[in-house]
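Asks: Dropping the structure in here first, questions after.
The values are calculated or read from the model by the stated rules, or taken from the named source; none is laboratory data. Quick caveat, the model's predicted, so the values are computed rather than measured. Glycine gets a Cβ as well: all are built from the backbone with ideal geometry, and neighbour counts include every protein chain shown.
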Amino acid sequence: MSPHVHTPELTVPEALMAFLHADNGRPYETAKPGALTAAAEVAELIAGGHARVTGPDGDQLVVDGPAASDRAWIRELTTQLAGRATDIATWVKRRDGALDTQQAEAAARGVLVQDRKRLAGLIPYSTNTVDPAVRQALLEHLTGPGAEADPRAAVLARLLVKSRLHLRGGLGRAERTALEQLSERAPASTPAPAAMSAVDIAMVTVVYTTVISE
């Protein structure tokens, strides 16, 4: 693992990046990568105590004011969302730039290595390669005995399971089962249950839907 990376210090979307990207440096398409990343941002705002959920169905996000954070995107989003209730699913659907933002944040913290390549020597494209040591450290944390005490771990597991990312990346059966179990358990005295509920609401716009013509 990169020496400056400590898994508990990663935000939910930064940690998500370690599981979202395949070996070719491109995001998996088990769900919409941009919307999934935006859902992780909402989860981080709640888990980090910067926002709360409200409304009869718990589908509204409320930010009381701009947050003091070392993540610029948290400062920007809490400033934009402060003072009003925001529909979670609609915001996730309309959020632009979440994937690019979190790829850059993850790269700055050693989770990803970003590169520019050319297809057939002509068409430029970007790749984001996961540091395998960081991914392994995160996986060990998520499936280890300390995960249940970490509210972000349960939220991340929920994102991975709901998006079916836990079925990618060569995870073993025991690891998949551990993630599925963790995704259903949240420390009750933390913001994790609300964050996990927000993830469920956001999944309406995150997962792909198939229309079958009769």
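Asks: Mind checking whether some residue in the stretch 158-165 is touching a residue at least 24 places away in the same chain (Cβ under 8 Å) and surrounded by fewer than 18 Cβ atoms within 10 Å (Cβ to Cβ)?
Replies: yes
Asks: I'd like to verify a number: residues in the stretch 109-151 that are under 17 Å from residue 37 (Cβ atoms), at pLDDT below 95 and in a helix (DSSP H, G or I), how many?
Replies: The qualifying residues number 0.
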